[in-house]
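What follows is a short report on a single structure.
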Amino acid sequence: MSEFHSVCKVVDVPAGEARMFSLNQMMVGVFNLGGKFFALDNRCPHAGASLAHGLIEHDTVTCRIHHWKFRINDGICLDDGNQCNAGTYPVRIVGDEVQIKI
């Protein structure tokens, strides 16, 4: 059964940035886009690089290894012909905590 788990405080992920956290033996990237939070599987589906350490531009993150670009809100890969999307997780804010549902 999936449930929400606290992974960090809202202040731990500044606007326009991302951080990675371990949750149930998985690494999850938490992104703050102007106060709205999103969570992606931290591993790029292509080569396993950290998406939380990628280049964030507007609503996308670019993998730092092979430069694949993903939309942060839904994990869709924006490279032509690429069907490897990043996994996403529901996020909610409860008080000052960021919670992710897995």
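Each reported figure results from applying straightforward, stated rules to the coordinates on display, with no laboratory input. Note that the structure is predicted; figures quoted are calculated from it, not measured. No Cβ is skipped: glycine too gets one built from the backbone with ideal geometry, and neighbour counts run over all protein chains shown.
Hey, got the dipole for the stretch 4-101? About the Cα centre, +1 on K and R Cβ, -1 on D and E Cβ, debye to the nearest 20?
The calculation lands at about 160 debye.
Just the Cα atoms of the chain: what Rg and Dmax do they give in Å?
Answer for the chain, Rg first and Dmax second: 12.7, 41 Å.
Can you give me the long-range amide H partners of residue 5? Hydrogens built in the peptide plane at 1.01 Å from N, cutoff under 5 Å, separation of 5 or more residues or another chain.
It is 100, 101, 102, by chain and number.
Would the stretch 4-46 count as rounded, prolate or oblate if I go by the C-alpha gyration tensor, calling it rounded below 1.5 in a/c and otherwise prolate when a/b exceeds b/c, oblate otherwise?
oblate
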